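Data first, discussion second: the structure below is written as structure tokens.
A short reminder: the numbers here are calculations on the coordinates, not readings from a lab. Keep in mind the model is a prediction, meaning the values are calculated, not measured. Every residue, glycine among them, receives a Cβ derived from its backbone with ideal geometry; neighbour counts consider all protein chains shown.
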There are 2 protein chains.
Amino acid sequence: MRLTTKGRFAVTAMVDLATRGGRGPVTLAGISERQKISLSYLEQLFGKLRKNNVVASVRGPGGGYCLARPASKISIVDIIIAVDEPLDATNCGAQGNCCDGKPCLTHDLWFGLNEKIHEYLAGVNLQQLVDGQAKNNSDAAPVTMTKSTGKSAHVPA
Amino acid sequence: MRLTTKGRFAVTAMVDLATRGGRGPVTLAGISERQKISLSYLEQLFGKLRKNNVVASVRGPGGGYCLARPASKISIVDIIIAVDEPLDATNCGAQGNCCDGKPCLTHDLWFGLNEKIHEYLAGVNLQQLVDGQAKNNSDAAPVTMTKSTGKSAHVPA
DNA sequence: GGGTATTCTATTATTCCTCTAGGGACGGGG
DNA sequence: CCCCGTCCCTAGAGGAATAATAGAATACCC
């Protein structure tokens, strides 16, 4: 789970798309102008979003992009993961063997923290953003950070 | 609030420092070797941490770095913000005038989401990481994302 | 069928971030 | 005073993020 401008641009564009999704496909040129994001960059981002089945495209005049499913079924993580591939911050390639063959304590810490942020963002969907309110209830249940759960805590790709 | 390897390395190093902080200053060379982070990179990170009063330094032989305050008073956000200066994901320099003089809807959305992540990470402190468990209780209370609160929702520097 | 709007793909340039390299400043011990 | 361990600073290489450009493919409309 990386959190950079790239993911933010993608979410911004997706919010724009979701707010006008009801009236047919939305063109990237329109999103580019409204959100002030360069068209060619948007093309790159939406290429990834399409490959990850977050959006669908319609070519030709009158074409553009649509959400691949209802906005309430698209979470922020879906978007961010689609454009911003997960990042390994460890120095042993997530092998957990950087410290004398044992996983460093920090590995487990990061995996746990990572998972919590992940779950939090998974709990916010596009529709909520469009409605102008983030998630308030906490069904992204707090996760007790168990050590040595190993790789199960890693972020899904 | 950016979330990159840089911040993670800093937190990793700080956990290392906190676990051995009781016995005098800790050298960067030691952290470098234990955590497999390049020494000169650590020097940069700790330079920023020092300027943000997260750590204190002692020069000369026997010197090193200490926590500037108890580990329970240092939150993850303190560390991340110190090394990873906040980033403006808007295209109008957070002026809120990119869309016909009015703030884009996405600005408020981002500020709100930003604030929630911020608060979540602010609720986890170093001591908890050292003890091997993240925060379970949710006193990083969920924040209703109010639109048009404007700049008050921005991440403090 | 030709014209045009649009997605799609590729190549390249530019700017920014990450990380490395090397030298300088300070301070304690002989 | 000299030596060495440590923090401290700056510059730059390398790579990733962002942007520009060019063109190909597709599909609507006349």
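The rotation axis that maps chain A onto chain B passes nearest to the beta carbon of this chain A residue, listed with its distance in whole angstrom: A:L3, 2. At full extension, B:L39 and B:T5 could sit 10.7 nm farther apart than now, given 0.36 nm per residue minus the alpha carbon distance. Can you work out the base-10 log of I(q)/I(0) for region B:1-79 at q = 0.12, 0.24 1/Å, using the Debye formula on its C-alpha atoms alone? Calculated log10 I(q)/I(0) at the listed q: -0.28, -1.25.
Position A:A56: other-copy label points at 6.3 nm, ordered by increasing distance, label point 7 Å along Cα→C-beta.
Distances between copies of B:E33, taken at a point 7 Å out from Cα along the Cα→Cβ vector and listed shortest first: 6.3 nm. Shielding value for A:123-130 is 2, the average number of Cβ atoms from other chains within 10 Å of each residue's Cβ.
Label points for B:S72 are taken 7 Å from Cα along Cα→Cβ. From this copy to the others they lie 4.4 nm apart, shortest first.
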